[in-house]
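Report on the structure given below.
Read-outs: derived from the displayed coordinates by stated rules, not from any lab. Nothing here was measured: the structure is a model prediction, and the numbers come from that model. Neighbour counts are summed over all protein chains in view; Cβ atoms, including those assigned to glycine, are modelled from backbone coordinates with ideal geometry.
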Amino acid sequence: MYNYRYGQPDQLYGTMTNNPSGQNAGSDIIPETDQYWRQNLLVSFFGSFTTIIAMTLLLPFLPLYVEQLGIEDHAQIVQWSGIAYGATFFAAALVAPLWGRMADRYGRKLMLVRASLGMAIAMSLIGMATNVWQLVALRLFAGLAGGYASGSTILVATQTPKERTAWALGVLSSGIMAGNLVGPLIGGALPPVIGIRATFWLAGGVIFITFLATSFFIREDKKPKEKHTNKQTLKPKGVWAQIPDKRPIIAMLITGTLLMVANMSVEPIITVYVAQLLDDQRSLTMVSGVVMAAAALGSILSASKLGKIADQIGHNKVIIAALAISALLLIPQAFVTESWQLIILRFLMGLALGGLLPCITSVIRHNVPHTVSGSVLGLSTSAQYAGQVIGPLTGGFIGGHFGMRAVFLGTCLMMAAGAFYNWHIFARGKQKQA
């Protein structure tokens, strides 16, 4: 019998037992001697790092690019920035379950190769947009074609020994957060030097390098097909039926959505907020980049450490604490008067949230059979993408009509609701085990 912890080490949230029919989730666990998982982690780290750099370059200057494309009204700039940013994640949410099932059937490496090549093409084309509608359409295409970071998460989660999963995902998350750190900084510095369009073309070139690295250096250990892995297994209903305890999975899907709604309601329009705090607008893109990078830096510093702590004390405690602390930190962000105050608060929030996504992925990984792990992680990615769609649209609407402070306070309520929900689910789990 294989037991996977969601709560404390001696408290089981989900349990996977031997099935007399032969569909034993524990029997498809990947051997810990797999010689490729460290190499794949290294390449995935590099690929996710460079891809996220390219994808986050636009954050500091997205409102400026929208204005350059012909939108002049302040409220319209805020709303179109949210729409353009959220368009990628709307498209990605639609196809993430498909890519997860394709990864289960045809291999994870193929999906990474597809994503990196598609994103390289999309980013290059975005630099050629002539109006805001083309920008939105190309952002939609980027979502349909992309998904490298989420694909690498599936690869690492399914190719890593289970007792090292949270650590490996924490390392990968650090690479993603490092890209989130460096991307806005470069995006704040490059446009004044080479222009916005050339910055997009450079981003496309960087992602193409990732495509080459993935094609030549990822080594996927092909596993023999299970006799029960058939077409029914790959259908959503078949996948769901194979999960012994669905409570932690549902909780993680909802938590991932809430997290992304909370994060993405703020980030795409934070440049507009920073503009209200600055007297010298010439430094707007650079200061905005530093504000966004501060949260990423905090997440880099805490991701792997919080992953280890979660392995020791239980993922639920880390998840609840991260959501609650971030909710508290959002309140003063609504009332800052200087940009340095916002930088410090975003850094502290990054520290709190650094281990959250690895914990979500690890809980899912520990509660599903290996044969459907890609499909379930694809559903998780889709739920997070849905949050990344709702967040910018909500933040843009609230910011454009009720002011930027209302965005931060509304996000605070979402984080607090997420903390309470996870506490409630865990408390119910303990009562049923008693």
(request) Determine ³J(HN,Hα), in whole Hz, for all residues of segment 205-214 in sequence, where each value follows from phi through the Karplus function 6.51 cos²θ - 1.76 cosθ + 1.60 and θ = phi - 60°; x replaces Gly and Pro. (result) x, 5, 5, 5, 4, 4, 4, 5, 4, 5
(request) May I ask for the net charge around SER299, where only other residues with Cβ less than 12 Å from the Cβ of SER299 are counted and Lys, Arg are +1 while Asp, Glu are -1? (result) +2
(request) Using θ = phi - 60° and the Karplus relation 6.51 cos²θ - 1.76 cosθ + 1.60, list the HN-Hα couplings for segment 168-182 in order, rounded to whole Hz, with x at every Gly or Pro. (result) 4, 5, x, 4, 4, 4, 4, x, 5, 5, 4, x, 5, 6, 6
(request) Return PHE420, PHE45 ranked ascending by Cβ neighbour count within 10 Å, so the fewest neighbours appear first. (result) PHE420, PHE45
(request) Using θ = phi - 60° and the Karplus relation 6.51 cos²θ - 1.76 cosθ + 1.60, list the HN-Hα couplings for segment 145-157 in order, rounded to whole Hz, with x at every Gly or Pro. (result) 8, x, x, 5, 4, 5, x, 5, 5, 5, 4, 5, 5
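Based on other C-beta atoms within 10 Å, arrange ARG346, ARG428 from fewest to most. Kindly include the intermediate steps, with their values, before the conclusion.
Values: ARG346 25, ARG428 11.
Sorted ascending by nearby Cβ count, the order is ARG428, ARG346.
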(request) Neighbouring Cβ atoms within 10 Å as the yardstick, rank TYR385, TYR106, TYR148 fewest first. (result) TYR106, TYR385, TYR148
